[in-house]
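Down below is the structure, laid out as structure tokens.
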Amino acid sequence: SAMDVCLIQTLILFCSLICCFWADTPSNKSTPNIIIILMDDMGWGDLGVFGQPSKETPNLDSMAAQGMLFPNFYTANPLCSPSRASLLTGRLPVRNGFYTTNAHARNAYTPQEIVGGISRDEILLPQILKKKGYVNKIIGKWHLGHRAHHLPLEHGFDEWFGAPNCHFGPYNSSDRPNVPVYNNSQMVGRYYEEFGIDKKTGESNLTQIYLEEGLDFIFHQNMAQRPFFLYWAADATHAPVYASKRFLGKSQRGRYGDAVMELDYSVGQMLAWLRALGIDKDTFVFFTSDNGAAVMSGPKQSGSNGPFLCGKETTFEGGMREPAIAWWPGHIPAGTVSQQLGTVMDLFSTSLSVAGLSVPDDRLIDGLDLSPVLHNNTLINRPIFYYRGNEMMAVRVGPYKAHYWTWSNSWEEFNRGINFCPGQEVAGVTTHTQQEHTMQPLIFHLGRDPGEKYSISAVTKEYQDALSRITAVVEKHKKGLVPGVPQLNMCDMAVMQLFWSVCLIGFGFYKTAKKKHCCVCSLLKHCLYINVRCVASAPPCGFLGEHNVNHVQLR
């Protein structure tokens, strides 16, 4: 509300005045604070600094002018959940288990029906930061599983305010309750109920609530002189898009632009808060997004991926290249643009380096420590891998990107009006069946052709030289790849079909009153839960009673 905004601004001014007289406050310089700001479905082209003309991001543009901008920064997957798992583990989804074995699957995330989640075998960033005395908080969207042992407080976070899932809904509570919102381990309400989202107008105060939670956390940790890690993961730009009343109707891009304006304002308030408390030089801040803009959601419900092809859910540049800004006054040279190829996985290794900690040595970490880049703008040679499920779809080495498989979305979806590449179809590239190019990859020069429209002729020397370089990288990668156990097959209908015959032959099979099928498999001491009801209208086949998820019950 306007009163809340006024209060925040007054507090920032008050703290600025106090800090003028409190110059001798002890500093956390040996253990800098860390803030990772992760947007949801925000595109590369949504920021003014990347060419967006609608002027919705003055604070982010200012952040870039005061820090380092990364035009070549990537997510680890074109969907929400796997990219978030990679950010917090520093590992590709195919390694950390946050993937599906069906390369055509769109369901490689954690909807309400999912049984899986982040594996206990994975080591998350906050778990390591604890060794140095960091207090860790996540605000906003978790999306790494919603069973009790998957939630943030079980994986290194000391505090949590937010939801385990996306803000889809509202739902009929008799079939599927609305998504819960938590304050630490206590459920404090649900989306569309205690935490309102008006789907007609788009009005919701959630972003302001998340902002106030963040400012409060920063203030209290600073007062206690404890180093902190804040993972601020607001989801206002994920459809259905929302913004608070103060911002609705204020942008030139409809409701989506309004949400961007409010998020930009929130980032500006957090940076101003750090300055007011006198800890801006002791706090490393990184801003990015989990995947490309969801262009299939429509013009007022989705953002811009700039000059790049397609969007969320695809392994074209529009699905995986992200806006990215690093900010750390006194440490990162202001106004720097780095051409370093970066990924969200680098935030794991870089944050640990900032904290004076090492990455785990008992597993392969894909994320790089970008400290040399941040301090000296040194370039580190590294490839970018574009995965969909357990299929390596493409690889980037230098300016060259080779597609081994291409696919946008299925004909079935396309014929229903769902288009991941609206107005951008490229013949032989944005295919609606998965096309294999492993014998002769499609290679693009992303410097000359960022839109991936004109593949390099296979008969040219340029193609052969690029293919030779990329092939060596791919062979090395595949040789050292040990896939993790897939955690997301339990809501992938295509994969679950593979288990039907096993369940029918060797294990229990029964029908509910409405003839919806469920089967449960028990393999020795390990239970494989297979809930074949991935249809919202289907009745539950027994339940384990955790949160709002209907699971089959082991018999």
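The values are calculated or read from the model by the stated rules, or taken from the named source; none is laboratory data. Here the structure is a predicted model, which is why all the values come from computation and not from measurement. Counting neighbours? That spans all protein chains shown, and the Cβs are built from the backbone with ideal geometry, glycine included.
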| task | Just name the residue that is modelled with the lowest pLDDT out of those in region 112-137 that are out of contact with any helix residue (DSSP H, G or I) (no Cβ under 6 Å at 6 or more places or on another chain) and over 21 Å from Ile365 (Cα atoms). | result | Gln112
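Taking Gly140 as the residue in question, decide whether it is closer than 30 Å to Val94 by Cβ and at pLDDT 95 or above.
On the way: closer than 30 Å to Val94 by Cβ: yes; at pLDDT 95 or above: yes.
Considered against the rule, which asks whether it is closer than 30 Å to Val94 by Cβ and at pLDDT 95 or above, Gly140 comes out as yes.
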| remark: Counting only residues that are modelled with pLDDT under 95 and among the aromatic types (Phe, Trp, Tyr), region 398-421 contains a total of 4
| request: Kindly indicate whether any position in region 345-361 is in a loop (DSSP other than H, G, I, E, B), crowded, with 20+ Cβ neighbours inside 10 Å, in contact with a Lys or Arg (Cβ under 6 Å, 6 or more places away or on another chain) and not assigned by TED's automatic domain parsing to the domain that holds Ser410. | output: yes
| said: Just checking, does region 219-228 include any residue being of a type in the set (Lys, Arg) and either touching a strand residue (DSSP E or B) at 6+ places or on another chain (Cβ under 6 Å) or closer than 19 Å to Asp41 by Cα (or both)? | reply: yes
| Every pair of residues 6+ apart whose Cβ atoms lie under 6 Å, when the first sits in region 232-260 and is at positive phi while the second is of a type outside the set (Val, Ile, Thr) | Gly254/Lys300
| query | From Tyr99, Tyr171, Tyr134, Tyr109, which residue is among the aromatic types (Phe, Trp, Tyr), touching a Gly at 6+ places or on another chain (Cβ under 7 Å) and not assigned by TED's automatic domain parsing to the domain that holds Glu413? | reply | Tyr99
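So, of the residues in region 317-332 that are in a loop (DSSP other than H, G, I, E, B) and in contact with a helix residue (DSSP H, G or I) (Cβ under 8 Å, 6 or more places away or on another chain), which turns out to be nearest to Pro93 (Cα to Cα)?
Filtering first and then ranking leaves Pro323.
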| remark: When restricted to Val241, Val295, the only residue of a type in the set (A, V, I, L, M), in contact with a Pro (Cβ under 7 Å, 6 or more places away or on another chain) and more than 27 Å from Asp369 (Cα to Cα) is Val295
| Of the residues that make up region 422-436, is at least one in contact with a Cys (Cβ under 7 Å, 6 or more places away or on another chain), closer than 30 Å to Asp465 by Cα and modelled with pLDDT under 95? | yes
